[in-house]
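This report refers to the structure that appears directly beneath it.
The values are calculated or read from the model by the stated rules, or taken from the named source; none is laboratory data. Not measured: the values here are computed from a predicted model. Here Cβ is always computed from backbone atoms with ideal geometry, including for glycine, and neighbour counts include all displayed protein chains. Each accessible area value is taken on the protein alone, full model and side chains, heavy atoms only, with ligands, DNA and RNA left out. Shrake-Rupley method; radii C 1.70, N 1.55, O 1.52, S 1.80 Å.
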Amino acid sequence: MIHISETLALHTIEGFLSDDELTQLRKIMRAELDTTGWAPSHQAEILLAPPTAQDILQDAIHRALPAIRRTMPSIQAAAPWAYTELTTGQEVPTHLDGIPNPAAPPRRLGRIGVVLEDANAGGDFYVETTSSPSVWTGREVGEAEGFLPGTPLTHRLPHAQEPDAHPHETAPAWLTDARRTRWITDARAGTAVAYGSQVIHGVTPVRAGHLRKFVTDLLDTALPRLR
């Protein structure tokens with residue numbers, strides 16, 4: 001049974017990527033961007049990482065699973081990884097991914113991100129905690145959905161999936177009305193940050209330089225490798 005603490009967890013995996021893997025991934029992504037010409041059209045837009053990068057990142061997840069499972073024991077695998085960039089003045093606004101369909105595996109119980117290249121200033125990942133009831137829907141799930149009985153669910157403000165949609169242009173009242181406390185991490189390149197899907201989070205504005213990172217979902221069901 002999935003426990004609510006897994007969906008509210010925050011955990012770091014130091015050395016998630018080795019220096020050699022970081023070097024390889026930087027070369028892979030430079031070549032990918034040179035070939036495709038991709039550049040984000042708005043902040044927080046993502047690009048599916050190429051297969052060579054997927055292999056390195058999925059190998060890293062496999063190594064890190066024992067550590068991830070200490071706080072999120074239901075996690076079995078990661079979804080395909082995405083790549084994103086933030087330049088000066090850009091951020092990932094405060095949001096809450098939530099659990100889209102708690103009754104249907106694979107369930108997204110968390111997210112994980114790892115920085116490929118740090119910004120010179122800013123671009124820090126953060127989470128926010130709150131005792132406000134406004135972030136909760138009032139809905140509960142239980143054994144029928146694979147959760148401990150009485151597990152509450154938050155509202156959802158996930159990244160937009162539509163190509164022309166810009167996520168988080170406005171924040172809903174259930175989020176803005178909640179008084180929150182912010183916790184900023186200093187996880188640098190190669191350190192992964194894993195967090196539950198019911199954790200409020202974001203990335204502070206980049207004040208100088210360029211932030212490049214990979215992100216993906218943490219799932220309770222294994223998926224075939226992307227090829």
Value at 222 nm in deg cm²/dmol, rounded to 500, when DSSP H runs of n ≥ 4 in the chain each add -39,500 (n - 2.57): -6500 deg cm²/dmol
Accessible solvent surface per residue of segment 82-158, calculated while the other protein chains remain in place, 1.4 angstrom probe, Å²: 39 Å²
Reduced Cα scattering model of segment 170-227, Debye log10 I(q)/I(0), q = 0.12, 0.14, 0.28, 0.29 Å⁻¹: -0.48, -0.65, -1.38, -1.42
Dipole-positive endmost among LEU48, TRP81, THR71 within segment 1-90 (Cβ charges, Cα centre): THR71
By average C-beta atoms within 10 angstrom, highest first, the peptides 17-23, 50-56, 105-111: 105-111, 50-56, 17-23
Carbon and sulfur %, accessible surface of the chain computed with the full protein complex present, 1.4 Å: 51 percent
The chain - percent relative contact order, Cα under 8 Å, separation 6 or more: 39 percent
Dipole magnitude (debye, nearest 20) for segment 95-137, charges at Cβ of Lys, Arg, Asp, Glu: 360 debye
Backbone HN-Hα couplings from phi across segment 89-99 [Karplus 6.51/-1.76/1.60, Hz, Gly and Pro as x]: x, 8, 8, 10, x, 3, 7, 8, 5, x, 10
Electrostatic dipole magnitude of the chain [Cβ: Lys, Arg +1; Asp, Glu -1; Cα centre; debye, to 20]: 280 debye
Inverse mean reciprocal Cα-Cα distance (Kirkwood Rh) of the chain, Å: 18.0 Å
Dimensions in Å of segment 1-69 - Rg and Dmax from alpha carbons: 15.4, 45
